[in-house]
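Read through the structure below, which is laid out as structure tokens, and then see the notes.
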Amino acid sequence: MPERPTDALGRPLRNLRISVTDRCNMRCRYCMPEEEYVWLPRASILTFEEIDRLAGIFAGLGVHKIRLTGGEPLLRHDLAALVRLLARHDGIDDLALTTNGILLAREAGPLREAGLRRVTVSLDTLRPERMQAFARSARHGDVLAGIGAAAASGFDTVKLNAVVIRDYNDDEVPELLEFARSRGLEIRFIEYMDVGGATQWDLERVVSQREILDTIARRYGPVTPLREDDWAPAERFRLPDGTTFGVIASTTAPFCRTCDRSRLTADGTFLLCLYGERGLDLRELLRTGASDEAIAERIRETWISRTDRGAEERAGLADRGVLHQLDSLRADPRREMHTRGG
Ligand code: SF4
């Protein structure tokens, strides 16, 4: 196996998030708040065979973690078939999925059987009426059913993700933690990020890691940080009774210096950062007959010149506001978080 490339800041290429669709069946205000979107043309979306070929090339370069994202990845018909293909690659020992959970009850078993190892489900509120108002979805019951099915399907881990937003769900932090704890699941609280598509982002509505920890400590007692994996985005903590949880402080304490994550959009653009402006068009290479070796070389060249530190640069801005206005998102839908995979 060739040596795993490292970027200009010494960060290895080993973690790939693959968006399999830009479509979603929710409209969360922190990601897809608009009424209308410009969708990627259908013919541009990578087939499972194309994704599988790229996964093999990335595995040959040293990528060993793949996470399937979207949009909502379970909107892609028969996602288990893709998982089955990806699970065959020897080098890929961590195959995970992030989903909003609406369709998970029916898919959890087939996905596990196909070789999926880990699942993360987004759960921002325990109140159906809040989900209706905030994400325009009446399917809260389906999300809970999906979490239950995943927990019963034998995955290595099932985690919950909750984006915490002031005056939306910040009063639910203890309840969400309790929900996860009572089911033996780990929850990660995520700071509201100013990514592409978050056109209503406002610093005032960001609930910081510090505030989240203070809220939890008031309810449960001292919170102890766990120091395990410097490359993981979530900092993990332990409560006095042994319950663990995570906080992803991308907005107030970004962790770009240890970021080994790369992204593949549903139409095959290789992106180096959630905030990155430019990408490498791998679909073009695939569809014009480039060899695996030639594609691997282009990926390697792209990665070794990587200097991206998007969230750290945003955190350094004196006057931080929305990242992209609506017209710029419509001009280039690849700037949307739902297209590049959050
Ligand atoms: S902002 Fe970019 S470099 Fe920083 S952690 Fe996120 S993806 Fe990685």
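State the answer as a single residue: which of Ala43, Pro128, Leu54 lies farthest towards the positive end of the charge dipole of segment 7-166, with beta carbon charges of +1 for Lys and Arg and -1 for Asp and Glu, about the Cα centre.
Selected residue: Pro128.
What is the distance in Å between the Cα centres of segment 1-59 and segment 141-215?
Cα centroid to Cα centroid, the span is 22 Å.
Of Gly115, Gly268, Gly316, which is the most mobile in a GNM of the chain whose springs link Cα atoms less than 10 angstrom apart?
Result for the chain, Cα springs under 10 Å: Gly316 fluctuates most.
With unit charges on the beta carbons (Lys and Arg positive, Asp and Glu negative) and the dipole taken about the Cα centre of segment 116-253, which residue among Gly242, Ser208, Ser153 sits farthest to the positive side?
Among Gly242, Ser208, Ser153, the one farthest towards the positive end of the dipole of segment 116-253 is Ser153.
Quote the charge dipole size of the chain about the Cα centre in Debye, to the nearest 20; the model charges only the Cβ of Lys and Arg (+1) and of Asp and Glu (-1).
420 debye
Work the Kirkwood hydrodynamic radius out for segment 125-166: mean of 1/r over every pair of different alpha-carbon atoms, inverted, in Å.
11.6 Å
Based on DSSP H runs of at least 4 residues, each adding -39500 (n - 2.57), what is the mean residue ellipticity at 222 nm of the chain after dividing by all its residues, to the nearest 500 deg cm²/dmol?
That calculation yields -9000 deg cm²/dmol at 222 nm.
Taking θ = phi - 60°, what integer Hz values does the Karplus form 6.51 cos²θ - 1.76 cosθ + 1.60 yield along segment 284-299, in sequence order, with x for Gly and Pro?
4, 5, 4, 8, 10, x, 5, 6, 4, 4, 5, 5, 4, 5, 5, 5
Within 10 Å of each residue's Cβ, count the other Cβ atoms and sort Asp94, Asp229, Asp22 from fewest upward.
Ordered from fewest to most neighbouring Cβ atoms within 10 Å, Asp94, Asp229, Asp22 come out as Asp229, Asp94, Asp22.
Taking every pair of distinct Cα atoms and averaging 1/r, then inverting, what Kirkwood hydrodynamic radius in Å comes out for the chain?
20.4 Å
Working from Cα positions, state the angle (0 to 90°, nearest 10) between the long axis of helix 48-60 and the longest principal axis of the chain.
90 degrees
Using Cα atoms only, what is the angle between the long axis of helix 209-220 and the major principal axis of the chain, expressed in degrees (0 to 90) to the nearest 10?
40 degrees
I'd like the orientation of helix 104-114 relative to the chain: the angle between its Cα long axis and the longest Cα principal axis, in ° from 0 to 90, rounded to 10.
50 degrees
Grab the beta carbon distance between Arg166 and Arg287, set R0 = 41 Å, and tell me the FRET efficiency rounded to 0.05.
The computed FRET efficiency comes out at 0.35.
Computed from the coordinates by the stated procedures, all read-outs in this text should not be read as laboratory data. In this text the structure is predicted, and so the values were computed from the model without any measurement. Glycine also receives a Cβ, built like all others from the backbone with ideal geometry; neighbour counts cover every protein chain displayed.
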